[in-house]
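Let me begin by presenting the structure, written as structure tokens, before commenting on it.
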Amino acid sequence: MKRIVLTVMIFSLAFCGFILNVPPFPSTAQAAVGEGTPGTLDDYWNGNASWVYLKKDTFTSTGQENYSYGNHTEVMPDGAWYYFNRILIKTYNAGCPNNDGLGTQVRKSTDKGATWSAPVTIIAPTAGTAYSCYATDGDAWYNPTENKWHYLFQCWDGVTSRGCELERSGSDPMGSFTIQPTGGNPTIDPGELWNSICNVSTDDCSTLAGGPGKVDGEGTYNIFKYDGTYYWVAFHGYDGVNGYQGIAKTIDFQTWIAGDASQGVANDAIFDRLDSQSWRENWDGGVSIGGGKGVILQEGSYYYNLVEAADINLSCMPNQNWNFGLYRSTSLTSTSWTPFPAGNPIVYSSKAETGGQSYCPAAYMGMFKDPTNNFIYLSYGRRSADPNYEGVYWYRLEKSKNLLKNSDLWTADASNWTKVVNSTNMVVYRAPNNSWDGTQYMEFNCGGSCTGANSVYQDVTILGGTAGTVQFGGKFMAVGGADSILLSVYQMDLNHNVLKQDQHLLSVGPNWTTFDKSGSLLSSTRILRYQFYFYNPSLNFRADDMYMKY
């Protein structure tokens, strides 16, 4: 059982002379980068869609601490959303840690997650069962043929962590799951699935673990498919050091098929530290320990796997990196899924809390499609000592015509951006409480006296030949003050001769503000330059979600 007891503190971040120990500023901006139409995962894979921030559900707004723990969302054909998450039951059982128990509850939304009903407990820890202490970190699936809900979860009796399953008749999950599987609980013993997967010495999950049969800890289940006969389930594993992700299938959650490619399931881990080691991350000690929870979503002939990877320890440790990456495969027997072509991770954790004491700073991701509007949604938890930021962050995938690369700083660095004047400071920060959407942002200043040329830019080559309109903008703010930024778009030929320029003086203050501008596009233009200038030597400025399109 992972991530059961977590604590967080807060700290000040400083770099390159920047003064960042200021309170986080509230966001007043709205999403502006996407086109407002559904994007596919294939669009995203090929750079033609982006994740657009929708909202956050926090400790402050929900009244529940650790609202993100053990969460996942299920969507019904009529568009109803059900949000399952962990519930802490205080002073429950003297045989459990701190005398507390963990259960699972659910909320309903009929407006795409804008509002939620009051929670209803569906599974509570029950004395004398395999879940006498914990019943959490699972996944739900509604089977319309059976007219029944299934919930597969991690269960713990204070001694051994196993897998359990409970069911509820009808299409409404807002009530107790009381139907036991035919053979009773637990349904998965420690190592039961992994022993079938890591059963030969050449398996990754054998060589990394020090031999076959050393991986267990099945948990954070993801039921990602039902084919009319089998339920297909992804789950994590752990050898005491490294984390793994595997796949199994079952007819009844009692009898499992794992590690048998002839039966359609991979005969090794589908994700481990050999996959995450090359991620765009400064892993502690230079080493990733692999993965934990993953979410698989099928689109066309591909299965897309959003999976977490960490360093140090899967039990959640201070100063830890805990990120999400994306992979895909056309086959569930594959043990080498293709990584996201622009590089992983696609979601970054943060150490921007006191002394880096941030535990599982990004965790419990969800990725699902709503059949009533065809949008794909992404959600995940952010840890923070500030109740205004501790919670679940929601995004949706929208088609994008943005010409700028790394426009929302998703790579957590300044790739594709160039600074002008050597003294100019330009840094990308992973400090989500200071951003408007819980992700990275760019911070910049003159680095001393301003010359008038201090700026940041990106050039984009276009085909040209057709006149039209170029649209551009972004989100900007000043840290602890107010001033102006000059936003410019230059139209140039292939020799960088300027043919036309559009310039707008933007008034920025201590809140994120969205700016949208446009100008006529010349048919002779071959290079578009997006550039912003800053002139106040006493202020730091921030930028995010920059865009340019035509």
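Key figures
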{"quantity": "Long-range tail of P(r) for the range 209-347 (Cα pairs > 26 Å, %)", "calculated": "20"}
{"quantity": "The chain, dipole about Cα centre (Lys/Arg Cβ +1, Asp/Glu Cβ -1), debye to the nearest 20", "calculated": "1260"}
{"quantity": "Which labelled figure in (1) 21.7, 61; (2) 24.6, 79; (3) 43.2, 139 is Rg and Dmax of the Cα atoms in Å, once derived from the coordinates", "calculated": "(2)"}
{"quantity": "Net +/- balance of residues flanking Gly473 in space, Cβ distance below 9 Å, scoring K and R +1, D and E -1", "calculated": "0"}
{"quantity": "Residue pairs, from the table Lys55/Lys401; Lys148/Lys369; Lys55/Lys419, whose Cα atoms sit over 25 Å apart", "calculated": "Lys55/Lys419"}
{"quantity": "Under the Karplus curve 6.51 cos²θ - 1.76 cosθ + 1.60, θ = phi - 60°, whole-Hz ³J(HN,Hα) for the range 541-550, x wherever Gly or Pro sits", "calculated": "10, 10, 9, 7, 6, 6, 8, 8, 8, 8"}
{"quantity": "Given charges at Cβ of Lys, Arg, Asp, Glu: the chain dipole, positive-most of Val307, Gly183, Met442", "calculated": "Met442"}
{"quantity": "Within the range 179-282: Cβ-based charge dipole about Cα centre, in debye rounded to nearest 20 (Lys, Arg +1; Asp, Glu -1)", "calculated": "160"}
{"quantity": "FRET efficiency, Ser201 to Ala385 (Cβ-Cβ, R0 60 Å, nearest 0.05)", "calculated": "0.85"}
{"quantity": "222 nm mean residue ellipticity, helices alone, for the chain (DSSP H n ≥ 4; -39,500 (n - 2.57); rounded to 500)", "calculated": "-500 deg cm²/dmol"}
{"quantity": "Size of electric dipole in the range 418-549: Cβ of Lys, Arg +1 and of Asp, Glu -1, about Cα centre, debye, nearest 20", "calculated": "140"}
{"quantity": "Computed over the range 418-549: relative contact order in percent, which uses C-alpha pairs under 8 Å that are six or more apart", "calculated": "35"}
{"quantity": "Dipole axis of the chain (+1 Lys, Arg; -1 Asp, Glu on Cβ), positive-most option in Val420, Gly264, Thr250", "calculated": "Val420"}
{"quantity": "Listed residue (Phe368, Gly294, Ser169) projecting farthest to the positive dipole end of the chain, Cβ model", "calculated": "Phe368"}
{"quantity": "Cα gyration tensor shape for the range 113-272, rounded if a/c is under 1.5, else prolate or oblate", "calculated": "prolate"}
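Bear in mind that the values in this text are calculations on the coordinates, not laboratory data. Keep in mind it's a predicted model, so treat the numbers as computed, not measured. Backbone-built Cβ (ideal geometry, glycine too); neighbour counts: all protein chains shown.
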